[in-house]
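The values are calculated or read from the model by the stated rules, or taken from the named source; none is laboratory data. In this text, all values refer to a predicted model and were calculated from it rather than measured experimentally. Ideal geometry is used to build each Cβ from the backbone, glycine not excepted, and the neighbour counts take in all protein chains shown. Areas reflect the complete protein model, heavy atoms only, side chains present, ligands, DNA and RNA absent. Shrake-Rupley method; radii C 1.70, N 1.55, O 1.52, S 1.80 Å.
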Amino acid sequence: MGNYSVEKTVFDGQEALVLSDHASGLSGILLPGFGSNLIGLRLAEPEVKLLYEPDSMADLHKKAVGWGFPVLMPPNRIEGGRFSFEGREYKFEINENGVHHIHGLVHSLPWRVVAVDTESAASVTTAIRSDDHPSILASYPHSFELRMIFTLKGNRIDITFEAENFGAETMPFGVGFHPYFNVPLTSASSKGKCTVQVPANKRWELREDCIPTGRRLDLSGTVDLRSPQALDSVMLDDVYTDLEYENGESVCSFVDQGSGISLRYGADSQFKHWVVFTGKTPDAPFVCLEPYTWTTNAPNLDLPAQDTGLIALEGGKTFTGVTWLEVAR
């Protein structure tokens, strides 16, 4: 076996793939058949689980977007489960409190494995085609394919996301990721020893139902994540924007000082917003740092696309966005 491998395994009856860099000890567990969810990301010797992992498929079926690294297309909430774009009405399942749609269309569906490579990294490409899924077409009546390229090498995993519009009509598009990072990362630490930092200068003002009003607010106090904030002092479900970029990327950090492990999570400039979610109770054992191309409810906001992040993906064109996660200890 070389330095890199992609091996088949089984997670509670579901076929999974394990991507490994044997020199660094970093490995990932991917469920292509359930949303192309990276349900695990682990360090070896000693083993550390970086992501909040499901114990069974029953966990995932009960709450698909509650574990691992779910894919949101489109991301977050859509007010009333509908919006209009270029004269076409788009309708989505009402699945939040009988009022809104949340979390998109692809996080529970089977994706295909279309490529595996272990020559210079542990790499897997997955894809899902809208034409194969009536449930997608019911909300998004376009012919398109989504692809994810997972590339694990050293202490880092890169995730490239592609959306190709095969049709002639322009398609409204947005994507986001909803990773759950364990807090703390080991029993040697505590929530008070864990901090997050986000390079954002503003956040979207939200109504009680987490729908943006359209206003963007200055940051102060514990919601200002430009400096590290301890996770025992904040409860957040906020959408951050007006990002600071370095070399075309915004980079968040999660540092567990008690465990001596730090994570840097970067996204290219296609991702204009970060959602930070610390759970609904003070003792929630995770933090979510979520890069989004469009803000919550973007198609229904009466604002320019450059502010909301709404992408008009023309027929025959492909969107490409890149995120990455780097681990140090």
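Pulled fully out, how much extra length does the chain show between L217 and R82, if you take 0.36 nm times their separation in residues and subtract their Cα-Cα distance?
Separation in residues times 0.36 nm, less the Cα-Cα distance, equals 46.0 nm.
Any chance you could list P(r) for the stretch 1-114, counting all Cα-Cα pairs in 5 angstrom bins from zero, rounded to whole %?
It works out to 2, 11, 18, 19, 16, 13, 8, 6, 4, 2, 1, 0, in whole percents.
Any idea what diffusion coefficient the chain gets from Stokes-Einstein, in µm²/s, Kirkwood Rh on alpha carbon pairs, 4 °C, 1.567 mPa s?
65
Could you report the stretch 112-204's accessible area per residue, 1.4 Å probe, as an integer in Å²?
35
Starting from one equal scatterer on each C-alpha and no solvent at all, send me the Debye-based log10 I(q)/I(0) for the stretch 180-306 at q = 0.13, 0.16 Å⁻¹, two decimals.
Here log10 of I(q) over I(0) equals -0.51, -0.77.
Using the C-alpha gyration tensor of the stretch 97-218, what are the square roots of 5 times its eigenvalues, in whole angstrom, with the largest one first?
30, 27, 14
Could you please state how large a percent of the accessible area of the chain is carbon and sulfur, counting protein chains only and using a 1.4 Å probe?
Here it works out to 46 percent.
Apply the Karplus curve 6.51 cos²θ - 1.76 cosθ + 1.60, θ = phi - 60°, to the phi angles in the stretch 20-29 and return the couplings in whole Hz, x for Gly and Pro.
Along the stretch 20-29, the couplings run 9, 10, 6, 6, 7, x, 8, 9, x, 10 Hz.
Under 5 Å between amide hydrogens, which residues at least 5 positions from A121 or on another chain qualify, with H placed 1.01 Å from N in the peptide plane?
Under 5 Å from the amide H of A121 lies no amide H from a residue far enough along the sequence or on another chain.
Which one, V65, Y52, G40, is farthest towards the positive end of the dipole of the stretch 14-87 when Lys and Arg carry +1 and Asp and Glu -1 on their Cβ?
So the residue furthest toward the plus end is V65.
Under a point-charge model restricted to the Cβ atoms of Lys and Arg (+1) and Asp and Glu (-1), what is the dipole moment magnitude of the chain relative to its Cα centre, in debye to the nearest 20?
Around 300 debye, computed over the chain.
Summing -39500 (n - 2.57) over the DSSP H runs of n ≥ 4 in the chain and dividing by its residue number, what mean residue ellipticity at 222 nm do you reach, to the nearest 500 deg cm²/dmol?
Rounded to the nearest 500, the figure is -1000 deg cm²/dmol.
Please list, ordered by chain and number, the residues whose modelled amide H lies under 5 Å from the amide H of F144; skip anything fewer than 5 residues away on the same chain.
S130, D131, F166
Filter the GluC sites (Glu not before Pro) in the stretch 168-258 to those in DSSP coil with at most 14 other Cβ atoms within 10 Å of their Cβ, and list the result.
Filter output for the stretch 168-258: E169, E208, E244.
Per 10 Å bin, what percent of the C-alpha pairs of the stretch 1-48 does each bin hold, from zero upward?
27, 52, 20
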